[in-house]
1. Report the full-extension gain for the segment LEU85 to ARG35: residue separation times 0.36 nm, less the Cα-Cα distance, to one decimal in nm.
2. Could you bin all the Cα-Cα distances of the range 3-88 into 5 Å bins starting at 0 and give me the percent of pairs in each, rounded to whole numbers?
3. On full extension of the chain, what length is gained from GLU77 through ASP63, given 0.36 nm per residue of separation minus the C-alpha to C-alpha distance?
4. What order, most packed first, do the peptides 38-46, 72-80, 19-27 have when packing is the mean number of other Cβ atoms within 10 Å of each residue?
Amino acid sequence: MNELHVLLLRAPGGNAEAIHAMVVGALRGALPNLRFVASYAVTGGSVDAVDIVAFQPGEDPADALRAAQAVPGAEVELLPAQPSLTLMAPGGGAPGGAPGGPPL
């Protein structure tokens, strides 16, 4: 399966780094085989952290959402995701796309 999802975290009333750590702990407790593909703290937008996760066979994204939403102070969205067609294009297999940037 290895199904990719994007987890968006908002921590409107508190320390986003601490709340993110608690959410990650809750996710690992609920789904020990869940794979974190990438994790970013972000500023200046509507979310405080973005995680890309890959669910393994038998894991249910709804279980992850319930675990994350149970963390006090966390507002979480979990969205199915597909790899970028730009990055999958010939020469584009790395962040940022092909050498020289994305096609114009």
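Readers should treat all values here as calculations from the given coordinates under stated rules, not as data from a laboratory. In this text, all values refer to a predicted model and were calculated from it rather than measured experimentally. Every residue, glycine as well, gets a Cβ built from its backbone with ideal geometry; the counts of neighbours run over all protein chains shown.
1. Residue separation times 0.36 nm, minus the Cα-Cα distance, leaves 15.8 nm.
2. 3, 15, 27, 26, 16, 8, 4, 1
3. 3.8 nm
4. On the way: 38-46: 9.6, 72-80: 15.2, 19-27: 19.1.
Taking the mean over residues of other Cβ atoms within 10 Å, the ranking is 19-27, 72-80, 38-46.
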